[in-house]
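Let me begin by presenting the structure, written as structure tokens, before commenting on it.
The values are calculated or read from the model by the stated rules, or taken from the named source; none is laboratory data. If you're wondering where the values come from, they're calculated on a predicted model, not measured in any experiment. Cβ sites come from the backbone with ideal geometry, for glycine too, and all protein chains shown count toward neighbours. Just so you know, the surface numbers come from the protein's heavy atoms only, side chains and all, with ligands and any DNA or RNA stripped out. Shrake-Rupley method; radii C 1.70, N 1.55, O 1.52, S 1.80 Å.
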Amino acid sequence: MGSPSWVLGGVAAAAAAAAASQPRPVNLRQLLAGGDGVETTAAAATSGFLAVELGLMSQRSRQADSICSRQLGRDASRAFVTGDYSEAGLVDDVNGLSSSEILTLHNWLSFYEKNYVFVGRLIGRFYRKDGLPTSELTQVEAMVTKGMEANEQEQREKQRFPPCNAEWSSAKGSRLWCSQKSGGVHRDWIGVPRKLYKPGAKEPHCVCVRTTGPPSDQQDNPRHSNRGDLDNPNLEEYTGCPPLAVTCSFPL
């Protein structure tokens, strides 16, 4: 089987400055050897959807070198999510991955674009011979957008209902409490622990709930009850814990 072909972009960075201004096929073996006027040491190429490293860094471990060498010249996008670096796992098929997993791939792509020199695109599932994207790449990009929107929604939800602090010991049992930094969310209120039931989730999780002011979804309502988000229908008090207690303890 011959080596995969790459399309070199005319806007490649300094390491690919000798490439022609128009996209053209380049033999992968020449590319890896630094031939055809292209220096590839520690360079990166967009291998289909996801970037992969072409030049192996001397600082890497032997195992990492082995993994990276198996990715050369192929689109192994799926392995970045699954961790399956076997021959069966090093594939470009991302069908069935969730929006959050596709977003993980996008984050890897952003990392490579920021830290490595762009060299070219692999002709195949996501790029045509002329270097233009295929319809499958358009679908993946739509999933990236969907993942970003879901992530933004999750961050807004976290600001509204920050996770509780939690600890457990065999001597004292469990304790849940809120602070102005619990859940990694810095704020000017503390809140009280509540169970939050999210659609599709099997179990509720503990969140800190604001107890004063208008509900988060009624900030402009002047006739609010000054109970914050306590009356949200997806919340439930912890049995045995005072309704306005900042800390809930559950001895064994």
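Observations
- Based on C-alpha pairs under 8 angstrom that are at least 6 apart in sequence, the stretch 162-252 has a relative contact order of 32 percent.
- Accessible area (Å², 1.4 Å probe, nearest 10) - residue 108: 100
- Subset of 146/172; 114/195; 146/202 violating a 32 Å alpha-carbon distance limit: 146/172; 114/195
- Qualifying lysines (Cα of each under 17 Å from Cα of residue 198; at least 8 residues distant if same chain): 158
- The 1.4 Å probe gives accessible areas that order 217, 229, 93, largest first, as 217, 93, 229.
- When the charge dipole of the stretch 85-241 is built from unit charges on Cβ atoms (+1 for Lys and Arg, -1 for Asp and Glu) and taken about the Cα centre, the candidate among 117, 135, 240 whose Cα reaches farthest toward its positive end is 240.
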